[in-house]
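Inspection log for the structure reproduced underneath, given as C-alpha cells.
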Amino acid sequence: MLLIEIDKRAYNSILNFSRIIYKNAVLNKEDLPDKEQIIKLYYKNKFVAKAIYDSGAPTIKILTLKDEEINKDFFYNRIKKAKEYREYILNYKDTYRMIYAEADCLPSIILDKYNNIASMQVSSKVMEKYIPIIFECLNELTDINTLYVQSAKKGSKIKSKIYGDKNNIETIINEGNAKIKVNLKGHKTGFFLDQRENRIDLENYVKKGDKVLDICCYTGGFSVHCGIKGAEVVGVDMSDKALEVAEENMELNNIKNYNFIVGNAFDVMRKMIDKNEKFDIVILDPPAFTKSSKDVKNALKAYSTMNYLGLKLAKRMFITCSCSHHIDREMFKNMVVSSSLRAKKEIRQIGGYRTQSPDHIITMANKNLEYLKCLFFGVED
Ligand SMILES: C[S@@+](CC[C@H](N)C(=O)[O-])C[C@H]1O[C@@H](n2cnc3c(N)ncnc32)[C@H](O)[C@@H]1O
C-alpha cells in the first residue's frame, strides 16, 4: 500500500473531522498512483488515515483513521452504526437513507432502504469491489433481500446489477399519512427521500378544495400529500414514466381530483400564465440545474425564471427548492427575493430554512454533504 505524506493543513482538517482532503495537500506527489486505490496518509512519518485515491478526482476521501484492514468487519461495523443512528436516534423504521457517503464514513456510497429492498449508488472503483461484501452485511444486519446497484465514476457509463431477488424491485412505503410506490429502477435511487419531512410538513398548510400546482412532481410525492388533504392537484414533469407512477400513487391514496401533465415545466407554466390560471399553492422542486461550480450563473438564471413563473401563478403559498449543492443558501434566497420583486409579489417566509431529511446526514466539517434547500412562503397576491 502506498505511503503518502500530507501537509499540516490537511492533517489538521482530518483531525477536525473532515473526510475529504485536496490532492494538492500531498507532499510526495511523484508517488501518487495512476489507478484508483486505497492509500495510507502520513503526517511527519506518522500514520493518519487510510483513504481512497483516484487519479481523476481532485480530492482524496478518508476511509478510516485506524490502520485497519478494509474487509467485511470494516463494512459490517460501519453499516451497523449507520443503521442504528437512523433507527435509534432519528426514529426511522423501514424506509430511510441508510448510507450517506462521508457522513457514514463510507465514501462514494449512497444507499436508500425501502422496506426490504434497497438501492445503492457507488461512485468509486475501489468501493465497487466490496459490493458483494456489503450485500452480505445488509443480509445479516437488516431485512433487505434485494439490492439494486448502480455503479459509475463521475461522467462514465452507469452499470447496474441486482443482488438477491431480481423480481422484487417494487414496494409501497409509508410517508406520514401517505402511501407511495417506489421502483428501484426509477430516477437516482428510485425515490427522493430527502424531501420527506418537507412533504409531510406541507400537509399542515393545505386546505380542502385548494388548487395545487406541483412542478417537477416526479412520482407525485408532494402531490399525494396535498391530495390527502383534499386539494385538487395539477402535477407537471417531463418524464411520462414518472407520471404513470404518480397516477398510481394518487389512486393508492384514494385521491381522484388530479391531473398530470407531461411537458417542460417552463413551457407549461408560461401557457398557464397566458390563460390567467392561478393556484392556491405552487411547489417547485426542479432537478439540480448545475452539477458544477462553473455553471452556477446559468443555473441561477434557470432557477430565477422558474421561480418568477411559479410566483406569478401562486395565490397563497409558494414552496421552492434547489438540490444543487453549488447553489448555497444565500444565493438561493437572493434569487427567490429578486424573482418575487420581478413577479411583484410580497412573500413571507414560513418557518426556517428547510433542508434534506436528517437521514441525509450533514456533518459540520463536510460542507459538500448539504445540498437541499427548501423554503415555504406565504404569498400576497
Ligand atoms: C428532484 S425531482 C422531483 C422530486 C419530487 N418533487 C418528489 O417529491 O419526489 C426533479 C424532477 O424534475 C423533472 N424535470 C427535470 N427537468 C424538467 C423540466 N424542464 N420540466 C419538467 N420536469 C422536469 C425530472 O423528471 C424529475 O422527476
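The values are calculated or read from the model by the stated rules, or taken from the named source; none is laboratory data. If you're wondering where the values come from, they're calculated on a predicted model, not measured in any experiment. Ideal geometry is used to build each Cβ from the backbone, glycine not excepted, and the neighbour counts take in all protein chains shown.
Just a few scattered comments:
- Residue match in the stretch 38-54 (condition: aromatic (F, W, Y) and outside the structural domain of A10 (by TED's automatic domain parsing)): no
- Residue in the stretch 62-72 that is surrounded by 14 or more Cβ atoms within 10 Å (Cβ to Cβ), in contact with a strand residue (DSSP E or B) (Cβ under 8 Å, 6 or more places away or on another chain) and closer than 27 Å to N145 by Cα present: yes
- Residues in the stretch 319-331 that are closer than 18 Å to L341 by Cα and either touching a Leu at 6+ places or on another chain (Cβ under 6 Å) or among the polar types (S, T, N, Q) (or both): T320 only.
- The requirement of being within 20 Å of E68 (Cα to Cα) and surrounded by 12 or more Cβ atoms within 10 Å (Cβ to Cβ) is satisfied by Y11.
- Residue ID - surrounded by the most Cβ atoms within 10 Å (Cβ to Cβ), chosen from residues in the stretch 231-240 that are within 8 Å of the ligand (Cβ to nearest atom) and aliphatic (A, V, I, L, M): V236
- So Y42, is it buried (at least 19 other Cβ atoms within 10 Å of the Cβ), of a type in the set (F, W, Y) and either over 29 Å from the mean Cα position of the chain (by Cα) or over 28 Å from E136 (Cβ atoms) (or both): no
Listed here are the residues, each with its yes/no results for (1) touching a residue at least 12 places away in the same chain (Cβ under 8 Å); (2) aromatic (F, W, Y); (3) not assigned by TED's automatic domain parsing to the domain that holds S223.
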position	(1), (2), (3)
K81	yes, no, yes
E87	no, no, yes
Y96	yes, yes, yes
Y100	yes, yes, yes
A103	yes, no, yes
L106	yes, no, yes
Y114	yes, yes, yes
I131	yes, no, yes
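- Residue in the stretch 216-230 that is surrounded by the most Cβ atoms within 10 Å (Cβ to Cβ), counting only those that are within 6 Å of the ligand (Cβ to nearest atom) and in a helix (DSSP H, G or I): F222
- Sub-7 Å Cβ pairs linking a first residue in the stretch 238-255 that is not assigned by TED's automatic domain parsing to the domain that holds V182 to a second residue that is part of a helix (DSSP H, G or I) and loosely packed, with under 15 Cβ neighbours inside 10 Å, at least 6 apart or interchain, number zero.
- Those residues of the stretch 278-297 which are of a type in the set (A, V, I, L, M, F, W, C) and outside any loop (DSSP other than H, G, I, E, B), in sequence order: F279, I281, V282, I283, L284, V296
- Residues satisfying the stated conditions in the stretch 65-86, i.e. not in a loop (DSSP other than H, G, I, E, B) and not hydrophobic (A, V, I, L, M, F, W, C): K72, D73, Y76, N77, R78, K80, K81, K83, E84, Y85, R86
Residue by residue, here is whether (1) outside any strand (DSSP E or B); (2) more than 20 Å from Y130 (Cβ to Cβ); (3) at pLDDT 95 or above holds:
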residue: S18; (1), (2), (3): yes, yes, yes
residue: I21; (1), (2), (3): no, yes, yes
residue: E30; (1), (2), (3): yes, yes, no
residue: D34; (1), (2), (3): yes, yes, no
residue: Y42; (1), (2), (3): no, yes, yes
residue: V48; (1), (2), (3): no, yes, yes
residue: I52; (1), (2), (3): no, no, yes
residue: I60; (1), (2), (3): no, no, yes
residue: L63; (1), (2), (3): no, no, yes
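- Qualifying residue in the stretch 264-273 (condition: near the ligand (Cβ under 9 Å from one of its atoms), acidic (D, E) and either over 30 Å from L147 (Cα atoms) or modelled with pLDDT of 95 or more (or both)): yes
- Of all residues in the stretch 298-332, those satisfying the criterion of being of a type in the set (A, V, I, L, M, F, W, C) and either in a helix (DSSP H, G or I) or surrounded by fewer than 21 Cβ atoms within 10 Å (Cβ to Cβ) (or both) are A299, L300, A302, M306, L309, L311, L313, C323, M331, F332.
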